[in-house]
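The values are calculated or read from the model by the stated rules, or taken from the named source; none is laboratory data. Values in this document were obtained by computation on a predicted structure and should not be read as measured data. Positions of Cβ are backbone-derived with ideal geometry, glycine not excepted, and every protein chain shown enters the neighbour counts. The area values use the complete protein model at the heavy-atom level, side chains included, leaving out ligands, DNA and RNA. Shrake-Rupley method; radii C 1.70, N 1.55, O 1.52, S 1.80 Å.
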Amino acid sequence: MDRRTAIRNLALVLSSAAILPACTKDNPTAHFKHFDVTGDQEALIADLAETIIPKTTTPGAKDLNLDKFVWLMLDDCTKKEDQQAFFKGMDKFNDLTKKMYSKSFADCSKTEKAAILATFEKKPGAKPTGRNPSGKKDDKPEKKDELQAFYGTVKGLTVFGYTQSQYFMTKEIVYELVPGRYNAHFPVKNNMKA
Amino acid sequence: MANLNIDSAKERTFDAIVIGSGISGGWAAKELTDKGLKVLMLERGRDVKHIKDYPTTNMYPWEFKHRGVLPMAVQEANPIVNRCYAFGESAAHFFVKDNEHPYVQTKPFDWIRGYQVGGKSLLWARQTQRWSEFDFEGPARDGFAVDWPIRYQDIAPWYSHVEKFAGISGNKDGIAELPDGEFLPAFPLNAVEEYFRKHVKVNYQNRHVISARCAHLSKPNQIHLDQGRAQCQERTICERGCPFGGYFSSNASTIPWALKSGNLTIRPFSVVESIIYDEKKGKASGVRIVDTNTKKTEEFYSRIIFVNAAALNTNLILLNSKSHRFPNGLGNDSGVLGKFVAFHNYSAHIGAEVEGFEEWATDGRNPAGGGYIPRFRNVYKQETDFLRGYACGFSAYRGFKHSYDGFGEDFKAGLASKEYGPWRVGSHMMGETIPKETNFVKLDDSKKDAWGVPLLDISVDYDDNDEKMKKDYIEQLTEMFTSAGFKNIQPSTNHQAPGLDIHEMGGVRMGKDPKTSMLNKWNQLHACTNVFVTDGASMTSTSCQNPSLTYMALTARAVDHAVSESKKGNV
Ligand SMILES: Cc1cc2nc3c(=O)[nH]c(=O)nc-3n(C[C@H](O)[C@H](O)[C@H](O)COP(=O)(O)OP(=O)(O)OC[C@H]3O[C@@H](n4cnc5c(N)ncnc54)[C@H](O)[C@@H]3O)c2cc1C
Ligand code: SF4
């Protein structure tokens, strides 16, 4: 590794420590490498993630810090133009909630939040975008409008973060590092919902 | 190891020098030290010790900061290596980064490299098949390249020799075009793969679907335990380095074995700049290196030199080894050095859905990856309008039925659903490409790397033959999938640059005639017989099987010859 790479890698490590708690609503509260985020924006992502993966008898997005993961991935692992589109999409999302309920997403009730998200799910291609849940390299992400892309990114990263979280991989499914196993003929007795 | 006290020429003299510590270099070191020679292994990269230097090997998925995804800054800074599927957060530290080791692409070429002790043996996908008589006699029969100076029977015992030590799992399938070897138990095919195997057997003459053969210890023998290796645990995160030595790597197998003999010295951080030719003796006397820490040049001497820097770097070293006797590169009287480079064509895929087989799924992970379809085109006779053929990967898989539609409580519960979805199948083509004079590498003397060595300039491309073969693969597999009843068959092709197959070969080819080849049938330079090249550079043609097992076998065979000739005073 040459010196430049070493310094760059160090910078990558340090900058991830920059997620600060929200203090005021409109001023930048969290400084990332590529953008600053306001308290409102932080709250929005947290609420969106929680609406997608809500707390039930098991932990939800907020408990698992999935909103922090969304920001981390957006900052570190997303192309500049996609980051810009993300913020444009976020503005449009705020406009949409204002238009539908004359208030911010955070102030909406659970039912209102669900109604907003439902408008996205009705559109074709509401599948998560960005990083697909397997983490495979996405060759040709579908071109979508900024609003839909914003939702797709938040959903994709939330779901990716959830299914790769320690909670999910130890409690919901069991990921075994070792010993693994390979049973080529695994009988499926009753293919019922778990 | 790195701190040799090297003042006198005597202390810098060994019986043999091995350049490179990857798959082939590891074998050269093992075989030479087994025969009692004092060996110096020179490696340009850092040391990587088995287990100790596998930093990610025991990490859980959630312990990776970005869950396996590399930061965009790293991806964008490395457009070439980023195209390799295994370049992710868990194994990036074993890959060469684009800016660290530049090269010139006169034509686009994705040169994927691992510069460290162990080379690419840490990263490889471990697929291992013997080449057959059809491959070795191919050029003579089909009239491309030049005739191989060896035949299958020359190398067969050496395949056995390396297979027993490395540990290869597979079935004895009794197929002439894919000879059987010394196998550990195979990883079994799953229900759909097995169905397709039977379907093909009944409906197609000379076509076969078999369990992929791979360098994993499915059930270790004593010789593997003696190496300090253990049974493969079926984790399939091998590219991080395996703490069990479950798969074959130089780090887990040949290098520790050679070190145990007390005859091996490894010197990492040593870029071999050139091989020194002694005009008086009429042979090579040693090598010149640049220490990457001090940037100082040093020389080491030996009677025998094995060049195992991986195909293209081996070309580079020979091209850069200029002397009064060899102004165009060591042993290059014929002018063919650097030419007739070939590779494997991996640019077509096909996927489909399968109905039925609901009573079966798989549990866990298959280190072999599934099935393999040996080459079936132009084997016994020339039957198409293209030369040679292709092998195919084939695998079937079944995951849980997870819907990504929706949100909220039901959606969340659905993500953990254990309800199985449908089976899917997939295949990718692995085609042979034809070595051509117009596919070559040369030095760019105007550009030097950080150690003062000229950059390699690569001009390698596909041709018409590859396009025809690709078309045939799509047609044949579509037909085979259709007749098997698979649904929604989706072929796809891409234009991935040569190199991404990571099976680049040639440039220092073997042959009978010194006028048209660089090496004789023992992998010795025709014109400088104490220098042996036994990595992919030496391949006369490329077969469509994976190549690394053949590099291992040729290396062991060449060492045997080198040592016996040396004893007779001939090298
Ligand atoms: C992701 C991946 C998947 C693969 N899958 C398969 C597979 O399934 N089956 C298969 O058969 N093959 C596979 N391969 C290819 C396989 O890894 C190579 O064919 C094999 O490693 C080549 O062995 P080698 O000894 O020639 O080179 P390497 O293993 O690359 O070793 C060469 C060594 O030489 C060193 N070196 C280079 N130049 C110099 C110099 N000037 N001075 C000193 N040292 C030098 C390098 O640092 C390196 O350590 C795969 C490769 C990769 C990366
Ligand atoms: S699959 Fe086998 S070889 Fe690969 S990492 Fe796991 S135990 Fe090691």
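What the table shows:
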| read-out | value |
| --- | --- |
| Inter-part distance where the range B:185-262 and the range B:1-71 are each reduced to a Cα centre, Å | 22 Å |
| Coil-residue trypsin sites (Lys or Arg not before Pro) of the range B:225-329, DSSP, other Cβ within 10 Å capped at 15 | B:Lys280, B:Lys281, B:Lys295, B:Lys296, B:Arg325 |
| Of all DSSP beta bridges in the protein assembly as shown, antiparallel share, percent nearest 5 | 75 percent |
| Largest-first ellipsoid semi-axes for the range B:187-240, taking √(5λ) over the Cα gyration tensor eigenvalues, angstrom | 31, 13, 9 |
| Antiparallel DSSP beta bridges within chain B, as percent of all bridges there, nearest 5 | 70 percent |
| Test item: Cα-centred dipole of the protein assembly as shown, Lys/Arg +1 and Asp/Glu -1 on Cβ, debye | 980 debye |
| Sequence-separation-based contact order of chain B, relative, with Cα cut under 8 Å and 6+ spacing, percent | 21 percent |
| The range B:111-262, relative contact order [Cα under 8 Å, separation at least 6], % | 26 percent |
| Residue-normalised accessible area of the range B:101-205, expressed per residue, 1.4 Å probe, Å² | 35 Å² |
| Average Cα contact separation per residue, the range B:306-351, under 8 Å, 6 or more apart, as relative contact order % | 23 percent |
| Protein-protein interface of the range A:142-182, residues with accessible area decrease of at least 50 Å², isolated chain reference, 1.4 Å probe | A:Gln164, A:Tyr175, A:Leu177, A:Val178, A:Arg181, A:Tyr182 |
| Largest-first principal axis extents of the Cα set of the range B:59-200 (Å) | 49, 43, 33 |
| Chains A and B, summed buried accessible surface - 1.4 Å probe, Å², nearest 100 | 5300 Å² |
| Dipole-positive endmost among B:Val202, A:Leu44, B:Tyr551 within the protein assembly as shown (Cβ charges, Cα centre) | B:Tyr551 |
| Carbon + sulfur, % of accessible area of the protein assembly as shown - ligands and nucleic acids excluded, 1.4 Å | 52 percent |
| Computed helical MRE - 222 nm, chain B, DSSP H runs ≥ 4 contributing -39500 (n - 2.57), nearest 500 | -6500 deg cm²/dmol |
| The range B:1-91: trypsin sites (Lys or Arg not before Pro) in DSSP loop, at most 12 other beta carbons within 10 Å | B:Lys10, B:Lys52 |
| Of B:Lys35/B:Lys281; B:Lys296/B:Lys339; B:Lys10/B:Lys568; A:Lys55/A:Lys98, those spanning more than 28 Å from alpha-carbon to alpha-carbon | B:Lys296/B:Lys339 |
| Those GluC sites (Glu not before Pro) in the range B:212-315 that DSSP places in a loop and that have at most 13 other beta carbons within 10 Å | B:Glu279 |
| Along chain B, longest interval not containing exposed chymotrypsin sites (Phe, Trp or Tyr not before Pro), exposed being DSSP loop plus at most 12 other Cβ atoms within 10 Å | B:86-379 |
| Cα extents of chain B along the three principal axes, largest first (Å) | 77, 53, 49 |
| Where A:Lys155, A:Lys122, B:Lys339 fall by accessible area, highest first, once all protein chains stay in place (1.4 Å) | A:Lys122, B:Lys339, A:Lys155 |
| Per-selection metrics, the protein assembly as shown (Cα): Rg and Dmax in Å | 28.0, 94 |
| Bins of 5 Å from zero: percent of alpha-carbon pairs in the range B:133-220 | 3, 13, 17, 18, 17, 15, 12, 4, 1 |
| Charge dipole of the protein assembly as shown about the Cα centre (unit charges at C-beta), most positive-ward option of A:Phe32, B:His349, B:Gln129 | B:Gln129 |
| Greater than 27 Å apart at Cα, pairs in B:Lys120/B:Lys219; A:Lys68/B:Lys97; B:Lys164/B:Lys471; A:Lys62/A:Lys88; B:Lys30/B:Lys283; B:Lys97/B:Lys512 | A:Lys68/B:Lys97; B:Lys164/B:Lys471; B:Lys97/B:Lys512 |
| Mean accessible surface per residue for the range B:417-464, computed with a 1.4 Å probe while every protein chain stays in place, in Å² | 37 Å² |
